[in-house]
Amino acid sequence: MTHDDKLKHYIIPNYGRYDVWPVRGEGARVWDRDGKEYLDFAGGVAVCPLGHCHPAVVKAITQQASTLIHVSNWYCIDKQADLAEVLTEKVVRIPGKNFFCNSGAEANEGLLKLARRYGVTVRGVAKPKIITFTNSFHGRTLGAMFATEQKKIWGDFGFTPDELGYIHLPFNDVAALEKTINENADVVAILVEPIQGESGVNAVTPEFLRTAQRLCREKNVLLLLDEVQCSFGRAGEMAGWRAIIPGDEIQPDGVSWAKAIGSGYPLGAFWVRDVALPGKDGKLCDLLGPGSHGTTYGGSPLACAVGLATVNTILDENLCEHANQIGAHVASIARGWQHPLLKEVRQLGLFIGFELEAAKVDAVSNGRPASIFVARKLLDAGMMTVPAGPNVVRWLPPLNITQAEADEGLRIFKSVLDLLS
């Protein structure tokens with residue numbers, strides 16, 4: 001039986017896959033089983049910030065795997081302590097504590113549990129409400145999928161967002177946010193992506209983020225940031241929200257991470273601010289005490305060793321600044337094309353969304369969404385990208401790509417757009 005047959009016979013068909021079988025990667029390039037080479041600007045959907053098989057990551061995996069791969073969280077793990085220190089002191093730069101898990105959905109589940117426990121035990125709310133926003137994406141677990149405001153994500157599973165305590169509001173709508181919080185005493189948290197990735201690289205406005213923080217402080221509501229995709233240099237800052245408002249003005253109560261933190265090794269985390277609980281003894285960062293939350297695999301010695309190697313390499317090699325420089329170069333060139341199939345270029349660091357003129361692409365796409373159709377054409381031309389919503393092609397290249405590699409990607413992209421126009 002071939003691998004093609006095995007995939008069809010043994011794998012649940014929940015993914016719509018391209019018929020491409022990658023077998024090897026190095027830096028910004030991947031080769032499939034037939035030997036075809038691809039420029040990888042998908043990065044496992046923002047998972048490979050250093051490209052494929054970066055020496056620091058390979059060394060960390062090899063050394064730790066030969067020393068200690070896993071022990072239970074019944075015991076103390078030195079690499080957890082080291083990685084938590086780096087995340088708090090060099091990424092968030094605000095006092096707080098961390099929890100390690102295995103994915104972005106798990107990280108968001110942790111924040112959602114924190115918010116609900118805070119609502120019940122601190123605010124005295126019997127049925128806490130959490131505000132999330134249109135076109136969001138927070139994961140595929142039950143709590144995260146209904147926090148996500150996309151009907152295609154939460155259909156046919158027997159619940160509605162309202163039943164699980166979610167209020168979905170228009171993204172970046174200041175008036176709607178103010179009205180909802182002022183009229184709903186049961187709201188205990190806001191969960192927002194500073195930069196929405198899955199819907200097309202849409203950034204929160206400074207006004208909206210400032211308003212959210214002000215309302216949270218006035219109403220004892222938690223400000224939770226989903227940074228699963230936009231952190232660790234992807235948007236040109238270690239903390240993605242600082243790409244929107246630089247400095248220390250924004251002080252979130254919780255932050256979720258995954259994707260780039262582990263260079264492809266399963267690793268997620270969330271951070272909670274060290275702040276006193278309103279009207280209660282204790283601190284927010286200690287609210288999830290023994291027995292309230294846990295994981296079998298999260299924060300293993302191997303996972304945290306990879307996380308340390310990844311985050312420290314991004315810091316040591318100043319890849320945030322490099323991402324800003326290369327990203328600005330890409331955006332400037334692409335905007336200069338004034339291409340009839342390209343409506344807008346949205347760019348923060350190397351988090352880049354190319355919005356297509358959907359009607360013009362639809363004329364040749366045979367009914368497929370413009371983003372998926374163009375991403376398929378780019379793949380045929382030797383370039384991996386990621387569709388984002390119906391009309392946006394997303395670039396998520398390694399943060400350490402060279403300008404020559406970026407220019408190669410631009411040439412491929414323009415050649416495909418030219419053929420379609």
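How big, in percent, is the set of alpha carbon pairs in the chain lying more than 40 Å apart?
Counting pairs separated by more than 40 Å, the tail of P(r) holds 16 percent.
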- Run the dipole for the chain about the Cα centre, Lys and Arg Cβ at +1, Asp and Glu Cβ at -1, nothing else charged, and hand back the magnitude in debye, nearest 20. 500
- Message: Please arrange T205, T88 by how many other C-beta atoms lie within 10 Å of their C-beta, fewest to most.
- Response: T205, T88
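Could you compute Rg(Cα) / (2.2 N^0.38 Å) for segment 11-163, with N its residue count?
1.35
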- Message: List the lysines whose Cα sits under 21 Å from the Cα of K343, skipping any in the same chain fewer than 8 residues away.
- Response: K360, K377, K414
- Hey, fewest Cβ within 10 Å first, where do Y265, Y15 land in order? Y15, Y265
- Task: Return one number: the angle in degrees, 0 to 90 and rounded to the nearest 10, between the long axis of the Cα atoms of helix 319-337 and the longest principal axis of the Cα atoms of the chain.
- Result: 50
- Note on the structure: Here, I69 and L419, labelled 7 Å along Cα→Cβ, have an inter-label distance in nm of 4.3
- Pairing the Cα long axis of helix 174-183 with the longest principal axis of the chain, what angle in degrees results, from 0 to 90 and rounded to the nearest 10? 30
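Bear in mind these aren't lab numbers, they're just calculated from the coordinates by the rules spelled out. Since this is a predicted model, take the numbers as computed values, not measurements. With ideal geometry, Cβ positions are generated from the backbone for all residues, glycine too; neighbour counts draw on all protein chains shown.
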